[in-house]
Structure formats: structure tokens, C-alpha cells
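Participant: Pasting in a structure now, in C-alpha cells, and then I'll have a few things to ask.
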Amino acid sequence: MPDPIDFYFDFASPYGYFASLRIDELAAKHGRTVTWRPVLLGAIFKVTGMKPNLQQPLRGEYLTHDVGRIARLTGAPFTFPDSAPVNGVAASRAVYWLTDEHPEQAKLLARALYHAHFAEGRDIGPAETVAEIAGRTLGSLGIDRAAVTAALQDPTVKDRLRMETDNAVERGVFGSPFVIVDGEPFWGWDRLDMVDRWLATGGW
């Protein structure tokens, strides 16, 4: 079996949200699986010297226009959240808490958190909001709010997020979404068509 495709994203990234709606279906078309890896762009920006897009003159204004245009193009549900750029620490920790033993549930939670933030416009920064969404999404699978709340303060879970973000930097990840296919890096939602062709042809 080929290695999974690595999908790096930050919950603050609307482009990561749009990629999350497509990445698994795209990979499955080529017989591949996807490992979802939330990271913290704030920590990565300390390495690159960048600022969040919304805090950059001209680029911030362009982003707010562009993401609405992408939503109209793709038909994706979208509401620009007042809390943007959101602090994705709690959301990312919750996903990693589930990733190793329950990877599909971790993806389900990640999708639910992304939907709450960019489709419904909710602030998913607070830990209690993350726990509420997790309990609602995964409660039928035996995962409740109390368990999620406890996990968010678990030192092992905290360390996992730091480690994943550090490893992402070592692999050259500098933005969201960032997809790595067999060592080949692709940055941006608009590179997914290129990823599709790369998988179909074996690269060029």
C-alpha cells in the first residue's frame, strides 16, 4: 500500500477549510488515504517571519473577497466568522487526542469544527465550544464533553500538537493547506487539481 497523503491545515485557514471538503475524495479516487495533521501557523510564522493574512495590508482585504468567491464557485457553505483568525489550539488538540486510536473519528471531528467555524461562523477558539461540538458530533460513539475537556489539558496531548507543528516545519510546511504526496509538497487550495494530476500520472 502507498503511504498516506499528509494534509496539513490550521483551523484558522479558510483555504484549509475548502481543501478539507475535497481532499479525501480526491485521494480515494487514486486509491490513497489521507492523514489529517492540524498545525499552528502562529508558531510556523515565527520561523518564516510572516503575519496572518488578515493582518497584512492589501492581502487581508483580498482574502476576504477571495474566500467568498471560492465559496460561490464550489457551492461550499460559508460564513466569514467574526472571530477570524481564530485560535485553533483547542480544536487541534482535540483532533490529535483521537488521531492514533480513532483516526476516522478524528477526521469527523475536524470536519465538524471546520464546519462550525466557516459554515456557521462560530468561534471555535474556546475549549468549551470545542468540547460541545465534539460531544454533539461523537456522543453516539461514546465520546462526551467531559472527556474532551479533560483531554485538552492533558500534557501528552499538548506535547503532541507542539511536536506535530515542529515536524511540519522540518518538512517545509509554511502555510495552510499544505499537502505532501510521497515527499512532494503542494501549498494552497488551488493546488489540489495539481495534486490530482500528480496522483494520476505519478508526477512529472
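Participant: Search the range 98-147 for residues being of a type in the set (Ser, Thr, Tyr) and closer than 14 Å to Trp36 by Cα, and hand back the single one that is nearest to the chain's Cα centre (by Cα).
Facilitator: Of the residues in the range 98-147, the ones of a type in the set (Ser, Thr, Tyr) are 99, 114, 129, 137, 140.
Pick out the ones that are also closer than 14 Å to Trp36 by Cα and you get 99, 114.
On the way: Thr99: 13, Tyr114: 8 Å.
Only one residue tops the list, namely Tyr114.
Participant: Determine, yes or no, whether Pro177 is in contact (Cβ under 8 Å) with a residue 60 or more places away in the chain, more than 29 Å from Leu63 (Cα to Cα) and in contact with a strand residue (DSSP E or B) (Cβ under 8 Å, 6 or more places away or on another chain).
Facilitator: In short, no.
Participant: Still on this model: Note down all Cβ pairs under 7 Å where the first residue falls in the range 183-204 and is within 22 Å of Leu73 (Cβ to Cβ), the second is at pLDDT 95 or above and basic (Lys, Arg), and they're at least six residues apart or on different chains.
Facilitator: Final answer for the pair search is Leu192/Arg22.
Participant: Looking at (1) surrounded by fewer than 13 Cβ atoms within 10 Å (Cβ to Cβ); (2) in contact (Cβ under 8 Å) with a residue 60 or more places away in the chain; (3) hydrophobic (A, V, I, L, M, F, W, C), find the lone condition where Leu73 falls short.
Facilitator: (2)
Participant: Going by the conditions given, is Ala28 crowded, with 19+ Cβ neighbours inside 10 Å and either in contact (Cβ under 8 Å) with a residue 60 or more places away in the chain or within 22 Å of Leu199 (Cβ to Cβ) (or both)?
Facilitator: Values: crowded, with 19+ Cβ neighbours inside 10 Å: no; either in contact (Cβ under 8 Å) with a residue 60 or more places away in the chain or within 22 Å of Leu199 (Cβ to Cβ) (or both): yes.
Answer is no for this residue.
Participant: What helices (runs of 4 or more DSSP H), lying completely within the range 84-168, carry at least 1 residues that are in contact with a strand residue (DSSP E or B) (Cβ under 6 Å, 6 or more places away or on another chain)? Walk me through how you get there before you give the answer.
Facilitator: Working: elements: 89-99, 103-114, 127-138, 145-152.
Those helices (runs of 4 or more DSSP H) span 89-99, 103-114.
Participant: Filter the range 160-177 for residues that are among the acidic types (Asp, Glu) and over 15 Å from Ala94 (Cβ atoms); which is surrounded by the fewest Cβ atoms within 10 Å (Cβ to Cβ)? It would help to see each step written out before you state the result.
Facilitator: First pass over the range 160-177, keeping only residues among the acidic types (Asp, Glu): 164, 166, 170.
Among the residues that remain, those that are also over 15 Å from Ala94 (Cβ atoms) are: 166, 170.
Numbers: Asp166: 14, Glu170: 8.
Across the range 160-177, the extreme among qualifying residues is Glu170.
Participant: Okay, next question. Does Pro52 meet the test of being at pLDDT below 95, surrounded by fewer than 21 Cβ atoms within 10 Å (Cβ to Cβ) and within 16 Å of the chain's Cα centre (by Cα)? Show your work before the answer.
Facilitator: Numbers: at pLDDT below 95: yes; surrounded by fewer than 21 Cβ atoms within 10 Å (Cβ to Cβ): yes; within 16 Å of the chain's Cα centre (by Cα): yes.
The answer is yes for Pro52.
Participant: Let me ask something additional. Quick one: Ile180 ticks every box in (1) over 24 Å from Ala91 (Cβ atoms); (2) surrounded by 15 or more Cβ atoms within 10 Å (Cβ to Cβ) bar one, so which box is it?
Facilitator: It is condition (1) that Ile180 fails.
Participant: Considering each of Phe18, Phe78 in turn, give the residue that is buried (at least 17 other Cβ atoms within 10 Å of the Cβ), aromatic (Phe, Trp, Tyr) and in a helix (DSSP H, G or I).
Facilitator: Details: Phe78 fails: in a helix (DSSP H, G or I).
None of the other options fit; the residue is Phe18.
Participant: Sticking with this one: Pick from Arg171, Arg136: which is of a type in the set (D, E, K, R) and in contact with a Lys or Arg (Cβ under 9 Å, 6 or more places away or on another chain)? Working first, answer last.
Facilitator: Values: Arg171 fails: in contact with a Lys or Arg (Cβ under 9 Å, 6 or more places away or on another chain).
Only one candidate qualifies: Arg136.
Participant: Go through Ala134, Ala119 for me and flag whichever is touching a residue at least 12 places away in the same chain (Cβ under 8 Å), surrounded by fewer than 21 Cβ atoms within 10 Å (Cβ to Cβ) and either closer than 21 Å to Ser20 by Cα or in contact with a Phe, Trp or Tyr (Cβ under 8 Å, 6 or more places away or on another chain) (or both).
Facilitator: One residue alone meets the criteria, Ala119.
The values are calculated or read from the model by the stated rules, or taken from the named source; none is laboratory data. Just so it is clear, the structure is predicted and the values come from calculations on it, not from any experiment. Here the Cβ is made from the backbone with ideal geometry for all residues, glycine too, and neighbour counts use every protein chain on show.
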